[in-house]
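Engineer: One structure, as structure tokens, below. Some questions next.
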Amino acid sequence: MSAAPSASLWGGPSAAPCLVDALLETAAGRPDATALVDGDRAFTYAELYAWAAGVRDLLADRGVAPGDRVAVCAPRGAAAVAAMLGAILRGATYVPLDPEYPVRRLEHMVADCTPRLLLSHGDTPYLGESVPIPGPDVRAEPATRPCDPDLAVYIIYTSGSTGWPKGVTVGHRCLDTMVGWQAGHSPRPDLRTAQFAPLNFDVSFQEVLGTLRGGGTLVIMPERLRREPVELLSWLGEHRVERLFLPYLALQMLGVAARGDLLAGLRLVEVNTAGEQMVCTPEIRALFAALPGCRLVNHYGQSESAMVTSHILGDDPEDWPALPPIGVPLPGCEVLVDPADPDDPAVGELLVAGDPVSAGYLNRPELTERRYVEIPESPAGNTRAFRTGDLVEIKDGRVRFLTRLDDEVKLRGIRVDLLEVDAQLLADPAVAAAASTIVTTRSGAPSLRAALVTRGDPAELDVPATLERLRAALPEVSVPRSLTVVPELPRTPSGKIDRDAVAALILKELTSSDRRAGRSR
């Protein structure tokens, strides 16, 4: 690694206790407090942990030993949380299987992780012989167990370049620090928190374990609200939700849907966004201007390194930059830059070292060796780091995300910043959501295009005027050749913008337009 020591940041030492000890201590201190709400059912800490202990005992009866893997196929809900906690109490490695995923993808995950036991709940795909998650009436006395920091807490599957997901093994060192930090970082540790994230998205662990560690209440969000921002705002008010984790695009849609009557009932004090670069749009600024008691926090991390950095935006939304930084490292975390240009050591690929770095990829030793690298001893004393593949700049004591290295776009030899294009499109009051991408047509020539979701009638969007405004703010190479209006932007299962699907959607529309033009001639 060629990064200069000046291009690094250290979050300081971490003294977080073992996750198991911390969870059990919180539960013991708040036995009658509400730990979880799922629809019309509420569970106290005593009830939830007794249920989890029942799962733990079931695993033991089925021969699951500490270190064994337990796969859990269940929709988001109380049973999935009890199964997660039961696996953690047993010392097993929890592997979530989101039943919303395609069956072949789930089958690949099961075959890859070879669980000792498969638990299931409700109407889920058949993935082999499984055991139902016991109900809340099957309870046992919670019991402490010695914390083994070398055990893997969970394996989570993330997208892979082969077309099949790859499993990331996450141990105590990663998770203990993140959960302890979250409990102390929020305005209060015991916030009522929505469980929004899909179970195969690592933010779900931050929602569930961070809330239960702090003594808060986890409120399961109904799945149907994921794409219904108006109903989601009403639900947040009705359930007195105080903390929310969600991807940027979902936050933007909340801003678009926001109305005075919906905002009046909100009790939000913290909104955390992660997963992709946030753009501070007019809608997001207006949303937080109407919620003066609520702060916006930009998080950065990936499945391979859990939570890495965090940035709290200032009190006045009008002062927010269009593209806020991803912030400063968490305790126990060190971030370093591997510069492409030695003369500019503050810009380059981001490397993560210290507590957040996971063990590596399951059954993928070559990929693990390529991404988890040995480095000369860092300023914080680390000798192993994870290559994120993200191009960043360290400036003024903060990290600023620039782009994905493997998604870096060049047209006619000139670099195009897709996030900058998106930000300019979103500055148009008629545009609710936008994503720019490179589209290669049948001629083989790549061109910059963009898809938009409008705030009102799509027919009212003045496309020539929008493009002209972009030309006044961007170099010509960064102005999209066309704008395609769509009902909604395609998303990945975790809620991020799926730019590959956006490109396919635009190409389909361009092809259809060409055919219509041919018929008219």
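Every read-out reported here was derived from the displayed coordinates using simple, explicitly stated rules and does not represent laboratory data. The model shown is predicted, which means the values in this text are computed figures rather than measured ones. All Cβ positions, even for glycine, are placed from backbone atoms using ideal geometry, and neighbour counts span all protein chains on display.
Engineer: Just order 423-433, 376-386 by mean Cβ neighbour count inside 10 Å, highest at the front, would you?
Structural biologist: 423-433, 376-386
Engineer: Calculate, in nm to one decimal, what Tyr126 and Glu377 gain on full extension: separation in residues at 0.36 nm each, minus their alpha carbon distance.
Structural biologist: Taking Tyr126 through Glu377 to full extension adds about 85.5 nm, to one decimal.
Engineer: Also, I was wondering about something else. Return the FRET efficiency for the residue pair Asp396, Cys147: r is the Cβ-Cβ distance, R0 is 35 Å, and the value is rounded to the nearest 0.05.
Structural biologist: The calculated FRET efficiency here is 0.35.
Engineer: I've got another one for you. In terms of modelled amide H atoms, which long-range or inter-chain residues lie less than 5 Å from the amide H of Val241?
Structural biologist: Amide H neighbours of Val241: Arg267.
Engineer: Still on this structure, please answer the following. Local charge sum around Cys280 (other residues, Cβ-Cβ under 12 Å, Lys/Arg +1, Asp/Glu -1)?
Structural biologist: Every neighbour counted, the sum reads -4.
Engineer: Further, regarding this structure: Among all cysteines in the chain, which have no other cysteine Cβ under 4.7 Å from their own Cβ?
Structural biologist: If one checks each Cβ against the other cysteines of the chain, Cys73, Cys113, Cys174, Cys280, Cys294, Cys333 turn up with nothing under 4.7 Å.
Engineer: Which order do peptides 41-51, 105-115 fall in by mean Cβ count within 10 Å, highest first?
Structural biologist: Result, highest mean Cβ count within 10 Å first: 41-51, 105-115.
Engineer: Once you place label points 7 Å from the Cα toward the Cβ at Lys508 and Asp190, how far apart are they in nm?
Structural biologist: Here the answer is 5.0 nm between the modelled labels.
Engineer: Which residues in the range 182-206 place their backbone N less than 19 Å from a point set 7 Å from the Cα of Arg267 along the Cα-to-Cβ direction?
Structural biologist: Answer for this model: 186-196.
Engineer: Right, another one. Give me the extension gain from Glu318 to Asp417: residue separation times 0.36 nm, minus the current Cα-Cα distance, reported in nm with one decimal.
Structural biologist: Extending this stretch completely gives an extra 33.3 nm.
Engineer: Per 0.36 nm of contour for each residue apart, how much would the distance between Trp164 and Arg384 grow if the chain were fully extended, relative to their Cα-Cα spacing?
Structural biologist: 76.5 nm
Engineer: Using Cα centres only, tell me the gap between the range 297-348 and the range 218-268 in whole Å.
Structural biologist: The two parts, judged by their Cα centres, are 26 Å apart.
Engineer: Work out the count of Lys pairs in the chain where the Cα-Cα distance is under 23 Å, with the pair 8 or more places apart or on different chains.
Structural biologist: So the count works out to 4.
Engineer: Same structure, new question: Compute the distance in nm between two label points, each set 7 Å from the Cα along the Cα-to-Cβ direction, one at Ser447 and one at Ala289.
Structural biologist: So the label points at Ser447 and Ala289 sit 3.7 nm apart.
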